[in-house]
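Enquirer: Here's a structure for you.
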Amino acid sequence: MLQHGGALSFTVSGRIARPVAEVYEAVADPAQLSRYFTTGGAQGRLEAGGDVTWDFADFPGRFPVTVLEADAPRRIVMRWGAQDAASDDATTVTTFEFEPIGDGARTLVTITEGAWRASTGGAKAAFGNCEGWTGMLAALKMWVEHGINLREGFYK
């Protein structure tokens, strides 16, 4: 957990044995995202200027997501609501970076999110999201490499 300018942020990453374009598409495409991460469904493609919603069967309600930047197949930047966020609009910014590694058959996915207040509540919210994005990376790997929904039955 890093603290920059009085706000908390984090970075998690993982390697997936598929080309960068395939991994990027598994995140940007709402149909695929709904199969392994947004277990209640995703509406709208992650593309620049897009407003989408994510629903999780294990967390009540829909979460609005605003896509600030999408540079296929390298980067997606989005803003969404967060408890104890340091911003005036109670949101955090999440950045996905997709980097081809080795001979291009693998992809390094790095997710950075911030910023929360440097407080007990902010730390709790940041750690919760860090856990969520780490789980998303594991679920993404299982989905893209093996077609398995790792979250199925995991939370309920």
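The values are calculated or read from the model by the stated rules, or taken from the named source; none is laboratory data. Fair warning: this is a prediction, and the values are worked out from it, not measured in the lab. Methodologically, a virtual Cβ is constructed for each residue, glycine included, from the backbone with ideal geometry; neighbour enumeration extends over all protein chains shown.
Enquirer: Which of the residues that make up the range 70-85 are surrounded by 14 or more Cβ atoms within 10 Å (Cβ to Cβ), more than 13 Å from the chain's Cα centre (by Cα) and more than 24 Å from A123 (Cβ to Cβ)?
Expert: A70, A72, P73, R74
Enquirer: Any residue in the range 12-33 that is closer than 21 Å to A138 by Cα and in contact with a Cys (Cβ under 9 Å, 6 or more places away or on another chain)? Even if it seems obvious, please write down each step before you answer.
Expert: First pass over the range 12-33, keeping only residues closer than 21 Å to A138 by Cα: 12-33.
Next, from what is left, pick out any that are in contact with a Cys (Cβ under 9 Å, 6 or more places away or on another chain): 12.
Yes, the range 12-33 has at least one match.
Enquirer: Identify the residue in the range 24-38 that is of a type in the set (G, A, S) and more than 12 Å from the chain's Cα centre (by Cα) and, among all such residues, is surrounded by the most Cβ atoms within 10 Å (Cβ to Cβ). First the steps, then the outcome.
Expert: Looking only at the range 24-38, we keep the residues that are of a type in the set (G, A, S), and these are 26, 28, 31, 34.
Restricting the remaining residues to those that are more than 12 Å from the chain's Cα centre (by Cα) gives 31, 34.
Values: A31: 10, S34: 17.
Among them, the one singled out is S34.
Enquirer: In the range 75-104, which residues are in contact with a Pro (Cβ under 9 Å, 6 or more places away or on another chain) and at pLDDT below 95? Working first, answer last.
Expert: Restricting attention to the range 75-104, the residues satisfying the condition of being in contact with a Pro (Cβ under 9 Å, 6 or more places away or on another chain) are 80-81, 98, 100, 104.
W80, G81, G104, listed by residue number.
Enquirer: Within the range 135-156, track down each residue that is touching a residue at least 40 places away in the same chain (Cβ under 8 Å) and within 17 Å of W80 (Cβ to Cβ).
Expert: M136
Enquirer: Being without any contact (Cβ under 8 Å) to a residue 40 or more places away in the chain, within 23 Å of L33 (Cβ to Cβ) and either surrounded by 18 or more Cβ atoms within 10 Å (Cβ to Cβ) or of a type in the set (G, A, S) (or both) is the filter here; which residues of the range 98-132 pass it?
Expert: G128, G132
Enquirer: Sticking with this structure for a sec: Only residues that are surrounded by 17 or more Cβ atoms within 10 Å (Cβ to Cβ), of a type outside the set (V, I, T) and at pLDDT 90 or above: list them for the range 133-156, please.
Expert: Here is the first cut: in the range 133-156, the residues surrounded by 17 or more Cβ atoms within 10 Å (Cβ to Cβ) are 133, 136-137, 139-141, 143-144, 150-151.
Those left that are additionally of a type outside the set (V, I, T): 133, 136-137, 139-141, 143, 150-151.
Correct list: W133, M136, L137, A139, L140, K141, W143.
Enquirer: Would you mind listing the strands (runs of 3 or more DSSP E) fully within the range 65-156 where at least 3 residues are among the aromatic types (F, W, Y)? Give the steps one after another, and end with the answer.
Expert: Numbers: elements: 75-81, 91-101, 106-117.
Filter on the range 65-156 gives an empty set.
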